[in-house]
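Comments concern the structure below.
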Amino acid sequence: MLNTFRSTVQFRRFSLDPVDWRLRKMVSIEECRKIAKRRLPGGVFDYIDGAAEDERTAGRNVSSFSRIEFKPRVLRDVSTLDTSTTIFGRPASMPLILSPTGYTRIANSQGELAVARAAERAGIPYSLSTMGTRSIEEVAEVSAGEKWFQVYTWRDRGLVQELVERAKASGYTTLWLTVDTAVLGRRERDVRRGFSLPPKIGLDTLFDGAVHPGWTWDFLRNDPIMFANVVGHGDHEDGQNPIDLAAHVGSQFDQALSWHDIDWLRTFWDGPIVLKGIQTVADAKQAVAMGVQGIGLSNHGGRQLDDAPSPIELVEPVRQEIADQATIICDGGVRRGSDIVKAIALGADAVSVGRPYLYALGAAGERGVDHVLEFLRDGFERTMALTGCRSVAEIDRDLVRWRTEPFT
Ligand SMILES: Cc1cc2nc3c(=O)[nH]c(=O)nc-3n(C[C@H](O)[C@H](O)[C@H](O)COP(=O)(O)O)c2cc1C
């Protein structure tokens, strides 16, 4: 009996490390989100997780992937798989990019540095936001990996030019120009809380901080969070004092941004430009006509215009319209490796993710980000094996059908 017991009962290696325990529970992005929700103060979690108005777009970004089904091929010898690809001619271990997110250190004090290091280890591009809480140079110092920089066009064009030139000098290779933020979307979770960046310290935040001691200890023990790229720039709030994000965007961002500004950007940036926030076939076509190299199909994770189209639903019509004239990146709602296969099959060159790595950072710090990137890589590889694709090039339109399409 003892032998039977020994041969059937196996305990996992015991660990005293609380991060190990959390990582074991992070078996999916959704589980990771739940852990982040438990560990982060409510206002911080809502800033990350929340979206515009009724949050329908944020929900549909994710659920649209479930409208796509695989047509798996079998008996294809998938003993050797190659997940690697190139994005703008530069190698990546898989077709995944980390999207830019502002104020990343709010999830964990290591913020952008942790995410950039994890991206380098995973062999994929990391994107730093203009609204980042570590500077262009600080990120470049810790990561020799592929780095992209995201710009918003501030009214102060001199500042935009300076940021782009700093990014170029620090070895960033690609520019995202975010074009969906003429004004800030109405994020009602933040409106309800009167949320500011950094969070204003009031009775409610004090209470929230007290019941989330792990986050609070990390926040208090480390250097203050600020918009590291604009520190010392006159009237540009640098994030040391609480700001209302909507008012900030309204006063600093240029609502007059138009197609002509792309030519202006090109006068001091000669690398690839990806327009982040393209939401129609017509705009994708116009971008290509203007010589833009990258189409970022994105609705800002549903944080701007509610009832905007899901990026995954735009991939195929945009690819049909522009053929091979530009790189297509599907940004938003990717939660599994299988979602990456679906986007590639419909015609994307790569996908990008925001919240998945922020949840990971909030749930388990830098190791959490490693864990989530490995989860996505593993899911991508497994789906390739189960659908009979040995390389990214073999992932084609025949591999998927919209559930409304007839079987062929
Ligand atoms: C907390 C947070 C902050 C963001 N900050 C920025 C930003 O500064 N610039 C930008 O272009 N997009 C920003 N985004 C949008 C992301 O780049 C990306 O488009 C979005 O997160 C993709 O959707 P997903 O979260 O479903 O992956 C942010 C998203 C989140 C969740």
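Would a scan of the stretch 385-403 turn up a residue that is over 17 Å from the mean Cα position of the chain (by Cα) and either within 16 Å of the ligand (Cβ to nearest atom) or without any contact (Cβ under 8 Å) to a residue 40 or more places away in the chain (or both)?
yes
Looking at this structure, is ILE295 within 14 Å of the ligand (Cβ to nearest atom), in contact with a Gly (Cβ under 9 Å, 6 or more places away or on another chain) and touching a residue at least 12 places away in the same chain (Cβ under 8 Å)?
No; evaluated as a whole, the condition is false for this residue.
In the stretch 270-317, what count of residues is obtained for those that are of a type in the set (D, E, K, R) and closer than 17 Å to HIS260 by Cα?
Total meeting the criteria: 4.
Taking the stated definitions as given, is LEU197 within 17 Å of ILE97 (Cβ to Cβ), open to solvent by less than 20 Å² (accessible area, probe 1.4 Å), touching a residue at least 12 places away in the same chain (Cβ under 8 Å) and within 12 Å of the ligand (Cβ to nearest atom)?
no
Within the bounds of the stretch 12-27, is there any residue that is within 14 Å of the ligand (Cβ to nearest atom) and not basic (Lys, Arg)?
Taking every residue of the stretch 12-27 in turn, none turns out to be within 14 Å of the ligand (Cβ to nearest atom) and not basic (Lys, Arg).
If a residue must be within 24 Å of GLU374 (Cα to Cα) and either assigned to a loop (DSSP other than H, G, I, E, B) or hydroxyl-bearing (Ser, Thr, Tyr) (or both), how many such residues does the stretch 135-161 contain?
The total comes to 4.
How many residues does the stretch 136-147 contain that are touching a residue at least 60 places away in the same chain (Cβ under 8 Å) and touching a strand residue (DSSP E or B) at 6+ places or on another chain (Cβ under 8 Å)?
Result for the stretch 136-147: 1.
Would you call GLU381 free of Cβ contacts under 8 Å to residues at least 12 places away in the same chain, more than 30 Å from LEU265 (Cα to Cα) and either within 12 Å of the ligand (Cβ to nearest atom) or open to solvent by 10 Å² or more (accessible area, probe 1.4 Å) (or both)?
In short, no.
Quick one: GLU120 ticks every box in (1) closer than 16 Å to LEU361 by Cβ; (2) open to solvent by less than 30 Å² (accessible area, probe 1.4 Å); (3) modelled with pLDDT of 95 or more bar one, so which box is it?
Failing condition for GLU120: (2).
Filter the stretch 347-374 down to the residues that are under 21 Å from GLY277 (Cβ atoms) and open to solvent by less than 10 Å² (accessible area, probe 1.4 Å), then identify the one that is farthest from the chain's Cα centre (by Cα).
ALA348
For the stretch 395-408, give me the residue count where each residue is part of a helix (DSSP H, G or I) and open to solvent by 60 Å² or more (accessible area, probe 1.4 Å).
2
Given the options GLY379, GLY291, name the one that is of a type in the set (Gly, Ala, Ser) and over 30 Å from ASP398 (Cβ atoms).
Step by step, each of GLY379, GLY291 is checked, and only GLY291 is of a type in the set (Gly, Ala, Ser) and over 30 Å from ASP398 (Cβ atoms).
Quickly run through the stretch 307-344 and pick out the residues that are more than 16 Å from the ligand (Cβ to nearest atom), assigned to a helix (DSSP H, G or I) and surrounded by fewer than 24 Cβ atoms within 10 Å (Cβ to Cβ).
Answer for the stretch 307-344, where residues must be more than 16 Å from the ligand (Cβ to nearest atom), assigned to a helix (DSSP H, G or I) and surrounded by fewer than 24 Cβ atoms within 10 Å (Cβ to Cβ): GLU316, PRO317, ARG319, GLN320, GLU321, ILE322.
Regarding the stretch 141-148, can at least one residue be identified that is within 19 Å of the chain's Cα centre (by Cα), within 16 Å of the ligand (Cβ to nearest atom), under 20 Å from ILE87 (Cβ atoms) and basic (Lys, Arg)?
Yes, some residue in the stretch 141-148 is within 19 Å of the chain's Cα centre (by Cα), within 16 Å of the ligand (Cβ to nearest atom), under 20 Å from ILE87 (Cβ atoms) and basic (Lys, Arg).
Restricting to the stretch 30-44, give me the number of residues that are within 16 Å of the chain's Cα centre (by Cα) and either farther than 21 Å from GLY102 by Cα or within 10 Å of the ligand (Cβ to nearest atom) (or both).
Selection size over the stretch 30-44: 1.
I need a count of the residues in the stretch 112-134 that are closer than 18 Å to GLY102 by Cβ, within 16 Å of the ligand (Cβ to nearest atom) and assigned to a helix (DSSP H, G or I).
5
Please find, among SER258, SER352, the residue that is among the polar types (S, T, N, Q) and modelled with pLDDT under 95.
Every option except SER258 fails the conditions.
The values are calculated or read from the model by the stated rules, or taken from the named source; none is laboratory data. Just so you know, these numbers come straight off a predicted model, no measurement behind them. Because the Cβ atoms are built from the backbone with ideal geometry, glycine has one as well, and the counts that use them run over all protein chains shown. Calculation scope for accessible area: heavy atoms of the full protein, side chains included, ligands and nucleic acids excluded. Shrake-Rupley method; radii C 1.70, N 1.55, O 1.52, S 1.80 Å.
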